[in-house]
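One structure is given below, encoded as structure tokens.
The values are calculated or read from the model by the stated rules, or taken from the named source; none is laboratory data. Fair warning: this is a prediction, and the values are worked out from it, not measured in the lab. A quick note on method: Cβ atoms are made from the backbone with ideal geometry, for glycine too, and the neighbour counts reach across all protein chains shown. For the accessible areas, the whole protein counts, side chains as well, though only heavy atoms, and no ligand, DNA or RNA atoms are used. Shrake-Rupley method; radii C 1.70, N 1.55, O 1.52, S 1.80 Å.
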Amino acid sequence: MNRIAAVVKMHSRDKWSWFVLPWLILFLSFFVNFIIAFSINNDEGFTSGGLASIFIYLFVIGVVTIAQTFVFAVSLSIRRKDYFLGTAISIAIVSAVSTVILLLLGALEHGTAGWGFNLHFFHLAYLNDGTFMQQLWIYFSFFLHLFYCGFVISSLHRRYGRNGLYVFFIASFLVGAAGSYLLTYYRLWLDIFSWIGQYTIFQHSLWIFVLTVLYAGISYLLLRRATV
């Protein structure tokens with residue numbers, strides 16, 4: 001437990017990357033969109049996708065975390081298992097805190113009629129559907145999903161190097177291209193979008209969490225055999 005706590009402490013020392021920069025990016029995006037909404041100031045309102053910036057940032061953190069901390073942690077005789085668990089606890093804490101803050105900002109935005117200019121930045125239709133507990137889960141699961149999506153890519157690089165990444169991305173491209181061709185050939189795109197549209201964002205978040213667990217498991221297996 002002490003070594004896991006040491007990993008959590010190691011990550012928390014990088015306050016700029018984990019706590020400051022994501023919110024700085026988000027609020028800069030909000031400021032720009034606020035100015036636009038103020039300039040337009042129409043009854044239809046202004047809906048922004050700027051909230052995606054903080055989710056994308058979590059993906060980036062997932063990609064760079066191993067490169068920045070793995071070798072250092074292992075050099076301090078921290079086991080790979082402890083490194084993985086400590087990192088998992090760190091991202092869970094960051095995701096939980098970020099989720100609560102975003103929902104509070106969304107509630108404030110909704111209560112002030114979009115900051116007085118009908119701006120939809122933190123409170124978005126569909127994303128904020130469902131009960132409060134469902135919204136908590138939606139945000140939390142998306143944060144974890146994007147982090148581990150980046151984390152598994154970084155784990156693959158740590159285990160197999162650049163050549164491993166090249167093979168992975170080429171294979172992914174070929175599979176994606178073949179799948180896209182088949183879906184187009186058999187005219188299945190509309191059926192797929194119709195199938196996706198019949199579920200709520202909360203239901204989608206449950207399926208996404210299954211993928212998150214898969215990413216995390218693969219990352220763990222890769223890191224267990226990763227060299228320094």
Query raised in the report: Residue separation times 0.36 nm, minus the C-alpha to C-alpha distance between residue 203 and residue 133: what's the value?
Result: 23.9 nm
Query - Kirkwood hydrodynamic radius over Cα pairs of segment 1-87, then Stokes diffusion coefficient at 4 °C and 1.567 mPa s, in µm²/s - result: 85
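Identify the chymotrypsin sites (Phe, Trp or Tyr not before Pro) of segment 146-218 meeting these criteria: DSSP loop state and at most 14 other C-beta atoms within 10 Å of the C-beta.
Values: sites: 147, 148, 151, 160, 166, 168, 169, 173, 181, 185, 186, 189, 193, 195, 199, 202, 207, 209, 215; in loops: 186, 199.
Within segment 146-218, the qualifying chymotrypsin sites (Phe, Trp or Tyr not before Pro) (loop, at most 14 other Cβ atoms within 10 Å) are 186, 199.
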Requested in this report: Using the Karplus curve 6.51 cos²θ - 1.76 cosθ + 1.60 with θ = phi - 60°, work out ³J(HN,Hα) for each residue of segment 124-137 in order, rounded to whole Hz, and write x for Gly and Pro.
Outcome: 10, 4, 6, 5, 9, 6, x, 6, 4, 5, 5, 5, 4, 5
Report summary line: Check: C-alpha center segment 55-101 vs C-alpha center segment 157-217, spacing in Å is 24
Query raised in the report: By what distance, in whole Å, do the Cα atoms of segment 37-109 stretch along each of the three principal axes, largest value first?
Result: 60, 21, 13
Query raised in the report: Which of 119, 24, 174 moves most in a GNM of the chain, Cα contacts under 10 Å?
Result: 174
Query - Taking N as its residue count, the alpha carbon Rg of segment 119-226 over 2.2 N^0.38 Å - result: 1.33
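Can you give me the accessible area per residue for the chain, using a 1.4 Å probe, in Å²? Write out the running numbers ahead of the final one.
Values: 13310 Å² over 228 residues.
Accessible surface, normalised per residue, equals 58 Å².
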Query raised in the report: Which ³J(HN,Hα) values in Hz, rounded to whole numbers, follow from the phi angles of segment 89-98 under the Karplus curve 6.51 cos²θ - 1.76 cosθ + 1.60, where θ = phi - 60° and Gly and Pro get x?
Result: 5, 4, 6, 5, 5, 4, 5, 5, 5, 4
Report summary line: For the chain the mean separation of alpha carbon contacts under 8 Å (6+ apart) over residue count, i.e. relative contact order in percent, is 28
Report summary line: For segment 110-144 the chymotrypsin sites (Phe, Trp or Tyr not before Pro) that pass both the DSSP coil test and the at-most-10 other-Cβ-within-10 Å test are 126
Report task. Between 159, 187, 79, find the one with the highest GNM mean-square fluctuation for the chain; connect C-alpha pairs within less than 10 Å. Result -> 187
Query - Under 5 Å, built H, 5+ apart or other chain: amide partners of residue 47 - result: 120
Report summary line: A correct Karplus calculation of ³J(HN,Hα) over segment 141-154, with 6.51 cos²θ - 1.76 cosθ + 1.60, θ = phi - 60°, whole Hz and x for Gly and Pro, returns 5, 5, 4, 4, 4, 5, 4, 6, 4, x, 5, 5, 5, 5
Report summary line: Highest GNM mean-square fluctuation among 93, 208, 192, for the chain with Cα springs under 10 Å, belongs to 192
Query raised in the report: Kirkwood Rh over Cα pairs of the chain into Stokes-Einstein at 25 °C, 0.890 mPa s: D in µm²/s?
Result: 125
Query raised in the report: What residues of segment 94-122 lie in the reach of a label at residue 31, counting those whose backbone N is under 18 Å from a point 7 Å from the Cα along Cα→Cβ?
Result: 121-122
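On a full-extension model of 0.36 nm per residue, what is the gain between residue 180 and residue 21, subtracting their alpha-carbon distance, rounded to one decimal in nm?
Details: separation 159, 0.36 × 159 = 57.24 nm, distance 3.63 nm.
Net length gain for the segment: 53.6 nm.
Work out the FRET efficiency for residue 196 and residue 169 from their Cβ-Cβ distance, taking R0 = 25 Å, and round it to the nearest 0.05.
Efficiency, from the Cβ-Cβ distance: 0.50.
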Query - Projected label distance in nm at residue 159 and residue 52, using a 7 Å step from Cα toward the beta-carbon - result: 3.0
